[in-house]
Amino acid sequence: MKICTIRELLDAQVIVGEEDLGKHVYSACGSDMMSDVLAFVKDQAVLLTGLVNPQVIRTAEMMDMVCVVFVRDKQPTPEMVRLAEEAGIVLLQSAKRMYEACGILYSNGLVGNKLKEPTHG
């Protein structure tokens, strides 16, 4: 899915990264806990969050994410915008709540992380 499609599906505003809206992404995750993103997320390209903190951008950069969507109309700080510009991360802002935004993207084909099956035995 292209980032421009995410923008359309979530009726999102582009904060930074307009030039990268044509990039393809293949997976996403939603979390307000960056420790969970670091511990459990693998190969995700898009992060949906309501957390407004520079650590969001640093985490996204460490995890090689190309897009962060701020839900619930959260507005990133100027420092976050600067960090995202430096890292080449697209920032989007949507009025949708996390649950709805994740559901819309999932139902339109953007998958999440595959969990390993538990082993018994």
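The values are calculated or read from the model by the stated rules, or taken from the named source; none is laboratory data. If you're wondering where the values come from, they're calculated on a predicted model, not measured in any experiment. Here the Cβ positions follow ideal geometry from the backbone for every residue, glycine too, while neighbour counts run over all protein chains shown. Side chains included, ligands, DNA and RNA excluded: accessible areas come from the protein's heavy atoms. Shrake-Rupley method; radii C 1.70, N 1.55, O 1.52, S 1.80 Å.
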Legend entry - Residue satisfying all of: in region 32-51; of a type in the set (Val, Ile, Thr) and more than 10 Å from the chain's Cα centre (by Cα); least open to solvent (accessible area, probe 1.4 Å) among these: VAL37
Inset, instruction - Give the number of residues within region 1-31 that are more than 14 Å from TYR106 (Cβ to Cβ), within 12 Å of the chain's Cα centre (by Cα) and part of a helix (DSSP H, G or I). - result: 2
Inset, instruction - Consider only pairs whose beta carbons are under 7 Å apart and that are at least six residues apart or on different chains; among these, list those whose first residue lies in region 85-101 and is within 11 Å of LYS74 (Cα to Cα) and open to solvent by less than 90 Å² (accessible area, probe 1.4 Å) and whose second residue is charged (D, E, K, R) and not in a loop (DSSP other than H, G, I, E, B). - result: LEU92/ARG7
Legend entry - Close pairs (7 angstrom Cβ cut-off, 6 or more residues apart or separate chains): in a loop (DSSP other than H, G, I, E, B) in region 32-46, open to solvent by 70 Å² or more (accessible area, probe 1.4 Å) anywhere: ALA45/TYR26
Inset, instruction - Would you mind stating whether ARG72 is in a loop (DSSP other than H, G, I, E, B) and open to solvent by 50 Å² or more (accessible area, probe 1.4 Å)? - result: yes
Inset, instruction - Of the conditions (1) at pLDDT below 90; (2) assigned to a helix (DSSP H, G or I), ARG58 clears all except one; give me its number. - result: (1)
Legend entry - Cβ pairs under 9 Å, 6+ apart, first in region 52-64 and on the phi > 0 side of the Ramachandran plot and open to solvent by 40 Å² or more (accessible area, probe 1.4 Å), second polar (S, T, N, Q) and in a loop (DSSP other than H, G, I, E, B): ASP64/GLN44
